[in-house]
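Below: the structure, in structure tokens.
The values are calculated or read from the model by the stated rules, or taken from the named source; none is laboratory data. The structure presented is a predicted model; accordingly, all values stated were derived computationally and were not measured. Here Cβ is always computed from backbone atoms with ideal geometry, including for glycine, and neighbour counts include all displayed protein chains.
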Amino acid sequence: MSSRMPSPGTSSRADFWRLIKLLLPYKGWMAAGCALSLATLLANVGLMAVSGWFITSMALAGLAGATMNYFTPAALIRFFAIVRTGGRYLERLVTHEATFRLLSELRVWFYARLEPLAPARLMKYRSPDLANRIQADIDTLDQVYLNFVVPVVVAALGIAIMVTALAFFSGRVAIAAFVFLLLAGVGLPIYTRKRGDKPGTLLVESRSALRSAAVDGLQGLAELRVYGGVERQAQRVMDISGQHIQAQRSLSRLNGFSQGSLGLLVNLALWCAVLLALPLLGSGVLQSPELPMLALFVLASFEAVLPLPRALQVLGEALAAARRLFEIIDAEPAVKSPAGPSPVPEDSSLQIRGLEFRYDEAAPWVLKGLDLELPEGGRLALVGASGAGKSSLVQLLVRFWEYQAGEIRLGGHDLREYQAADLRERIAVVSQDAYLFNATVLENLLLARPSATEGEVVEACQTARIHDFIMTLPEGYHTELGEAGARLSGGQARRVAVARALLKNAPLLILDEPTEGLDAVTEQELLAALDLLMQGRSVLLITHRLTMLAHLVDNVAVIEEGRIVEQGTVVKLMASDGPFRRLHDALGA
Amino acid sequence: MLGMANGILVILQAWLLAFVINAAVLRHESEASVLPWLWLLLPLFIIRFFLALASERAAFEGAAEMQKVLREQLYNHCQALGPLWLASRASGDLANRVATGIEALHGYYARWLPNRALSVLLPLTILVAVFPTDWVSGLVLVLTAPFIPVFMILIGKGAEELNQRQWRQLARMSGRFLDALQGLTTLKLFNASRHEAQVVADISEDYRTSTMKVLRVAFLSSLVLEFLSTVSIAVVAVLIGFRLLWGEIAFLPGFFVLLLAPEYYLPLRSLGAHYHARMEAIGAAEGVVEILQTPLPDRMPRQETVPVPDTLLGVQFQSVEFAYEPGRPALRGATFNAEAGCVTALVGTSGAGKSTVMNLLLGFAKPQHGSIRINNLDLARFDEAAWLEHVAWVPQHPHVFAGTLRDNIRMARPEATDEEVEAAARAAGAHDFILAMPQRYHTPIGERGAGLSGGEVQRLALARAFLKNAPLVLLDEATAHLDGHTQAAVIDAIAELARGRTVIMAAHRLSTLALAHHVVVLEEGRVAEAGERAALMASGRSFARLARIGNATGATA
């Protein structure tokens, strides 16, 4: 099988076996599917062959005025017809059952391996459609069994059985049939695939170029109108459309060639079988009725190779998809879990000393010896320009990334001693990119605490000042939010996130630019909600907005290039002519 | 036509083969006398090969023409529907319809339709050949054939409905999985990510059981199809066999019919294989037709256009009313002036009507009542393209086009030199970050500005406005998404741009207002207050209230 792969390099061979291994849990179902499919194929061949033999024998007997035993062949014909019909139905059920089991298995398998890697190891794939790509790749793998494994196994076994059967009657005819079956089932698909490589690539490229040009022309229409270029862009779309159709044309020609060649090969095989069998009649090696039988046998046997071109294509696609998925999940998790159970924290204070961090060995240092202290119940703001390292610190605190040097202590114990799950139990994060799921409002809220009662949920939403809005939705708390919370405005989504954090009721609260991107009035409302959330918790507030700080926090730390450069109360820092004052003046321009 | 030709060749081939076998097996003719007939088959094979090429080509060309024309229509229709309509839709989805949606229709025309025609023509041709030779077998074929489409339709109807429900469920399942992938970080923060694996498993398991229930029924159609074609071939064979034994027919016609029987059912069966092309096309067609049926906005009867004055432009809104949809007015009688050569700021909460003012000035929508006057001429009397030549615009979310950074700036004036592009980038505060890019001005930018931050995109859009050098400049939240230092630099750049031009800028935040000579405060589509900035601050009304909030949250008016 491996010799049939597009580029049989060692790595793609390894990927291939790894892929096959993924299918193994369902080998029982799969074998059953293959067996049924094989039976269906052979029944058809049997039906055609026996029919040919039967009518010829009957004709000869009729001419000779002799009698013959017609019960056995007639029964055989009926038997094959029933096996063919019932087998096809069962085969479809079984192969689809196997496919769906595989589909479920593949998703869970992939998700379980991806989960420990997020988000650190997925950063480098950071593109809006990573999830879409994964989804498409897994969909492709779903096809492997139905469209690759079954046809290949059935073709291989089927050809072996059929050629052996032919060989009982005539070695020459068997060899000829074998050669033509190989040509049609292996040679032709490989040739077509090689020839189709280039137009295939062109097709994919032109499709994505077409999409991108259409996005530019439609999403950018307003700008195109103002700055000119509507016509130019339309022309571009049409030009690319032309190229796209041209690529399709090459593939269509190739397809026509492949279809035509297949027909030609079938006919030639039939022709050769007759040509080779004819002399055997005279010599008595072959009996008369066996000639039409062999002819029809050979003709019907080609059903085995019909799905092979598609199988080859599926294999190529599946290998590419598998390679991408393997590459993603083969990464080491960024953070290792400690061996023992988590220590019991004394409180929810934070001490950070000499913290050093960079995203990888080639990247510049983001944190260069950061020192920070957040006492139990204290409120600390961390301010600084974008890129100063504020958000990286959050990533370290929730153990999404591992730091290289220095120490973080939570409740008196080293952060590294905690199991990640126990740690995240104690920390609630409200950030600008809180994700809302395509589920009901309630489900989104219960994420934080699945056991919460209705009363608790409503209370959290009232505190977050979002309850009244939720009640105006058509189905209240049971309203579906749509893709990525499409039903909510930025401010509303943020308040749902605040309610979620309230429900979670963790002693340490991290607010990462909670009001970013909101307009002034909405921001004001959100801050009121946040103030309630902060009560009774240790709070780390990260922001580059400065004037909202005075009411919210006790202390401010200014971060510049990965270090704390100034620390104190807002009043004190405003009074001194230091970094905080400079930052404040720059922003207030 | 090509299908017919192929049908005739199929028949000819079957007859020749039956003749050869008849001669060899029953008439015991010598190998030498049979061979010439066998050789005759070869040219037939070759012709059928070329016919296959030709019919694929013919099917493709027809569909390709359709694809080209329909794609152009769809794209043009989207464009004609205008930026406001487009903004209300997910543009990724629209672009997919233009690209792949139309391609799915191609499959319908190139594969489904020709095969459907073939599935009628080929069996008919074969019947014409079979009847004169052996009417009994012909009768068997005729009697079973109608059952096939009838059963296909009967079962297909129900199955199609079920099918579509399955498709929707599949989409839901995929959506849930996608959601889990996209929200993985959030799930992790709430310690819910392990549990989600169970949810993914449960949902796919549900999908499996319900789909299999459907398929058990849906596959009955293929069972019936298979049953009818297989059993009738068996019946034909048995009937022929017995009549041969009784001497009622000769071997040649009998074998000839047996050879044709599978060919008779083949096109009907292969039609099923192309069924998914049809399903796919129907889904895609719905998406395409839905857009094509969206009525275009009414075109005002073309009046005599007047040339746009080549001086400084002053803008007057006179009792302008506009609603995006009936019952939800966005502007309710807005009246204000933006004086020539001045900077006028529109302030107000989101939804107050600031963006609508921009849309009306850009001609993306027309006032439903009242008028917009430019230097005392009605905006409606300008030729739209001529008017837009006098306007530069920096939207809230500028679009970045596929191409290089330079292309993106130069679209404002395609004939601009590199020096002019650079000057515009410098003025907009974009030059420095462009120099830091790997290929500077020639750096290619991914789809929708991938690789640029929000602030960088905004400065790129500002550079466009600088390069265009138009007398009226519209800025929609030009300093949103910028951090402190950049914001200050961009505000300086805008002050520079405002020199000798009329500027109207919308502001959610008050930090950009330092530049404004005049302020127009919008509240629910009406002008609540308008006048000089200092005077409004002193009055203590709407603007002063807004400014207080702005101050408390980190910006100075």
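Scanning segment B:182-236 for residues that are in contact with a Leu (Cβ under 6 Å, 6 or more places away or on another chain) and outside any helix (DSSP H, G or I), we see that the one that is surrounded by the most Cβ atoms within 10 Å (Cβ to Cβ) is B:PHE190. Would you pick out the residues in segment B:35-73 that are more than 15 Å from A:LEU265 (Cα to Cα) and of a type in the set (Lys, Arg)? Scanning segment B:35-73 gives B:ARG57, B:LYS68, B:ARG71. The sole residue among B:PHE317, B:PHE382 that is surrounded by 17 or more Cβ atoms within 10 Å (Cβ to Cβ) and either in contact with a helix residue (DSSP H, G or I) (Cβ under 8 Å, 6 or more places away or on another chain) or within 19 Å of B:ALA528 (Cβ to Cβ) (or both) is B:PHE317. For segment A:407-451, give me each residue that is more than 12 Å from every other protein chain (Cβ to nearest Cβ) and out of contact with any Phe, Trp or Tyr (no Cβ under 8 Å at 6 or more places or on another chain). Correct list: A:GLU407, A:ILE408, A:ARG409, A:GLY411, A:GLY412, A:HIS413, A:ASP414, A:LEU415, A:ARG416, A:GLU417, A:TYR418, A:SER451. A search for C-beta distances below 6 Å between a residue of segment B:205-219 that is more than 16 Å from A:ARG101 (Cα to Cα) and any residue that is surrounded by 17 or more Cβ atoms within 10 Å (Cβ to Cβ) and basic (Lys, Arg), counting only pairs 6+ apart in sequence or on different chains, returns B:PHE219/A:ARG92. If the condition is being within 11 Å of chain A (Cβ to nearest Cβ), within 20 Å of B:ALA59 (Cβ to Cβ) and over 15 Å from the mean Cα position of the chain (by Cα), then segment B:72-117 contributes B:GLY107, B:ALA110, B:ARG111. Restricting A:ILE470, A:ILE510, A:ILE466 to residues that are in contact with a Phe, Trp or Tyr (Cβ under 7 Å, 6 or more places away or on another chain), surrounded by 22 or more Cβ atoms within 10 Å (Cβ to Cβ), in contact (Cβ under 8 Å) with a residue 12 or more places away in the chain and more than 25 Å from B:ASP93 (Cβ to Cβ) narrows the list to A:ILE470.
A quick yes/no check of all residues on (1) crowded, with 17+ Cβ neighbours inside 10 Å; (2) of a type in the set (S, T, N, Q); (3) more than 14 Å from chain B (Cβ to nearest Cβ):
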site	(1), (2), (3)
A:LEU23	yes, no, yes
A:ASN44	yes, yes, no
A:TRP53	yes, no, no
A:ALA64	no, no, no
A:GLY87	yes, no, no
A:LEU90	yes, no, no
A:ALA98	yes, no, no
A:LEU102	yes, no, no
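Restricting attention to segment A:358-399, the residues that are over 14 Å from A:ILE559 (Cα atoms) and part of a strand (DSSP E or B) total 2. A:ALA131 falls short on exactly one of the conditions (1) among the hydrophobic types (A, V, I, L, M, F, W, C); (2) farther than 30 Å from A:GLU402 by Cα; (3) not in a loop (DSSP other than H, G, I, E, B), and that condition is (2). Inspect all residues belonging to segment A:121-134 and state whether any of them is without any contact (Cβ under 8 Å) to a residue 60 or more places away in the chain, buried (at least 19 other Cβ atoms within 10 Å of the Cβ) and either within 9 Å of chain B (Cβ to nearest Cβ) or touching a Cys at 6+ places or on another chain (Cβ under 9 Å) (or both). Yes, because at least one residue in segment A:121-134 is without any contact (Cβ under 8 Å) to a residue 60 or more places away in the chain, buried (at least 19 other Cβ atoms within 10 Å of the Cβ) and either within 9 Å of chain B (Cβ to nearest Cβ) or touching a Cys at 6+ places or on another chain (Cβ under 9 Å) (or both).
Checked against (1) more than 11 Å from chain B (Cβ to nearest Cβ); (2) outside any loop (DSSP other than H, G, I, E, B); (3) in contact with a helix residue (DSSP H, G or I) (Cβ under 7 Å, 6 or more places away or on another chain), A:ALA295 passes all but condition (1).
Filtering B:ASP179, B:ASP134, B:ASP202 for residues that are at pLDDT below 80 and within 13 Å of chain A (Cβ to nearest Cβ) leaves a single hit, B:ASP179. Among all residues of segment A:387-400, there is at least one that is surrounded by fewer than 18 Cβ atoms within 10 Å (Cβ to Cβ) and over 21 Å from A:ALA118 (Cβ atoms).
Okay, residues lined up against (1) free of Cβ contacts under 8 Å to residues at least 24 places away in the same chain; (2) surrounded by 20 or more Cβ atoms within 10 Å (Cβ to Cβ); (3) of a type outside the set (Phe, Trp, Tyr):
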site	(1), (2), (3)
B:GLY101	no, yes, yes
B:LEU105	no, yes, yes
B:ALA110	no, yes, yes
B:ALA117	no, no, yes
B:PRO123	no, yes, yes
B:VAL130	no, yes, yes
B:TRP135	yes, no, no
